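Only one structure is covered here, and it is reproduced in the block below.
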Amino acid sequence: MTIKTKRVIVVGGGAAGMLAAISASRQGAGVTILERNPRVGKKLLTTGNGRCNFTNIYADSTRYYGTNPDFAQTGLAKFSIQATIAFFEELGIAHKVEDGGKVFPMSDQASSVLDVLRHELNERAVTINCDAYVGEIRKQQGTFTITLESGATLQADSVILAAGGKAMPSTGSDGNGFLLAEKLGHTVINAFPGLVQLKLEGPFFKQIDGVKFVGTVEILHNGKSAAKDRGDILFGNYGVSGPPVLQVSRTAAQLLHEKKAVQLKITMLDTISPDNLKKLLAARFDRQSSKTIEFSLVGLINKRLIPVILKEAGIEEIKRPVASLSAREQEKIMGILTDWRFTVTGTKGWPCAQVTAGGVATDEINPYTMESNLVKGLFFAGEIMDIDGQCGGFNLQWAWSSGFIAGQNAALENN
């Protein structure tokens, strides 16, 4: 009796797709990856500024977003952070943990993570078809037929959709996976850019383009805090960027998507209490009474910000002696240093986004197997689903967890 090898096709050769292929091949399936780029893993090379923070020790469902963030918890439990680290250690990636729980390879090279994954794919005899853009997936009489844009067709017993979302289209993510899922009957929750820079209202951003400082950012809606983070803040000619801005950008983008008004609050001097700052400024102005208002702030904040902040405080004559500052003017300066508010007008687009918010509706997917509830034998992995994580290794952990589960279950004979 001849035992037929289960045929599994993985659409997408990114992080989730490669892990899914390895997982399925370890279960004995014959696996083929269809990758639209000339090589697999293009986006992986960009992660962690080229260093690849491939997981985070604090990954749990509280670090994820989507219509149902708890959907991620099952996957994270079945292929955990510890399992991920052990998996990569087995492949040769020694690791280290840095601030915020970020886990990096000891080599500090994203390329080393890709190298070991490609080596394992080769060891497992996974077929990799590059420059293969999938145009259509159909299922008839228990068999999937995948038609490429070139006209070539392939057949499979199971298909894993790991085609990513829309973020960073230069890496191949153009939303095609969403179209394929919709043609198979799935619902795609409206996608928008996540982990992305914020556009702000104001006439002075070209003047302060490139100014960087450590502070706190907070998203406000109807005067209430919706998200908050601290770290390096970077002004651009469009608005603001930096790790904390990326962290809160998902909340801002969601509110904007819902046509709601959004404000960004920046606290520049966040390590001193308002009372102590008031005393510090009063003493500083008193001690430097012969200086101009502009020059009196040199050494306290980035000097490129000083003219802008003073104008925002309503002080037009910045060359006035600091002794001429009224108590009200001092209060306004202090207010901007601790509570500078901007209207958020939008986000940068898909080319700048690190992740896609939205995607295939998770209530149509089995969280224990990543199999479609609508089409037997169809599985999902990674960013294509309506799950997105915070910055810091959380999105890669979701790619590994969902990819492992999808691959393992796609290879089972009863699928």
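The values are calculated or read from the model by the stated rules, or taken from the named source; none is laboratory data. It should be emphasised that the depicted structure is a prediction, and the values quoted were computed from it without experimental measurement. Every residue, glycine as well, gets a Cβ built from its backbone with ideal geometry; the counts of neighbours run over all protein chains shown. Just the protein is used for accessible areas: all its heavy atoms, side chains included, with ligands, DNA and RNA removed. Shrake-Rupley method; radii C 1.70, N 1.55, O 1.52, S 1.80 Å.
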**OP:** Could you work out how far apart the two model spin labels at residue 301 and residue 326 are, taking each label as a point 7 Å from the Cα in the direction of the beta carbon, and quote it in nm?
**Re:** 2.0
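Write down the accessible area per residue of the chain in Å², having rolled a 1.4 Å probe over the full set of protein chains.
Values: 18040 Å² over 415 residues.
It amounts to 43 Å² per residue over the chain.
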Original post:
So, how do all the Cα-to-Cα distances of region 135-237 break down into 10 Å bins, in percent, from 0 on up?
Top reply: 11, 27, 23, 16, 15, 7, 0
**OP:** Determine the percent antiparallel among the DSSP beta bridges restricted to the chain, to the nearest 5.
**Re:** 75
Subject >> Accessible surface of region 92-170, 1.4 Å probe, proportion on carbon and sulfur as whole % >> reply: 41
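Which whole-number percentage describes the relative contact order of the chain, with Cα contacts under 8 Å and a sequence gap of 6 or more?
Contact order relative to length: 26 percent.
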Original post:
At what distance in nm do the modelled label points of residue 149 and residue 170 sit from each other, each positioned 7 Å from its Cα along Cα→Cβ?
Top reply: 1.9
**OP:** Compute the acute angle (0 to 90°) between the alpha-carbon long axis of helix 274-287 and the principal axis of greatest extent of the alpha-carbon atoms of the chain; round to the nearest 10°.
**Re:** 40
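Let me know the volume per residue of the alpha-carbon convex hull for region 1-152, in Å³.
On the way: hull volume 23.7 nm³, N = 152.
So the per-residue hull volume is 156 Å³.
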Subject >> Enclosed volume per residue, in Å³, of the convex hull spanned by Cα atoms of region 228-356 >> reply: 119
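Pairs of Cα atoms under 8 Å, at least six residues apart: use those to get the relative contact order of region 1-105, whole percent.
22
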**OP:** Would you work out which of 34, 61, 76 lies farthest towards the positive end of the dipole of region 30-163, given +1 charges on the beta-carbon of Lys and Arg and -1 on that of Asp and Glu, about the Cα centre?
**Re:** 34
**OP:** Rank-order 210-219, 139-148, 24-33 by packing density, defined as the average count of other C-beta atoms within 10 Å over each peptide's residues, highest first.
**Re:** 24-33, 210-219, 139-148
**OP:** Keeping every protein chain in place, order 64, 368, 58, 133 by accessible area at 1.4 Å, biggest value first, i.e. largest first.
**Re:** 368, 58, 133, 64
Original post:
Which aspartates and glutamates have a Cα less than 15 Å from the Cα of residue 183, not counting those fewer than 8 places away in the same chain?
Top reply: 136, 364
Original post:
Given a Förster radius of 30 Å and the C-beta distance between residue 209 and residue 108 as r, what FRET efficiency does 1/(1 + (r/R0)^6) yield to the nearest 0.05?
Top reply: 0.55
Subject >> FRET efficiency, 1/(1 + (r/R0)^6) with R0 60 Å, evaluated for residue 283 and residue 368 via beta carbons >> reply: 0.45
Original post:
Within a Cβ distance under 15 Å of residue 236, other residues only, what is the Lys/Arg minus Asp/Glu net charge?
Top reply: +2
Original post:
Using a Förster distance of 30 Å, how high is the FRET efficiency between residue 90 and residue 376, based on the Cβ-Cβ distance and rounded to 0.05?
Top reply: 0.40
**OP:** Go through 43/212; 199/260; 212/265; 43/228; 166/260; 206/332 and tell me which ones have a Cα-Cα distance over 18 Å in this structure.
**Re:** 43/212; 43/228; 166/260; 206/332
Original post:
With each label point set 7 Å from Cα along the Cα-Cβ vector, what nm distance links residue 230 and residue 98?
Top reply: 2.0
Subject >> Amide H partners (placed H, <5 Å) of residue 291, local residues excluded >> reply: 322
**OP:** Enter the accessible area of residue 119 (Å², nearest 10), with the probe set to 1.4 Å and all protein chains included.
**Re:** 110
Subject >> Nearest-ten-degree value, helix 327-338 long axis tilted from longest Cα axis of the chain >> reply: 20
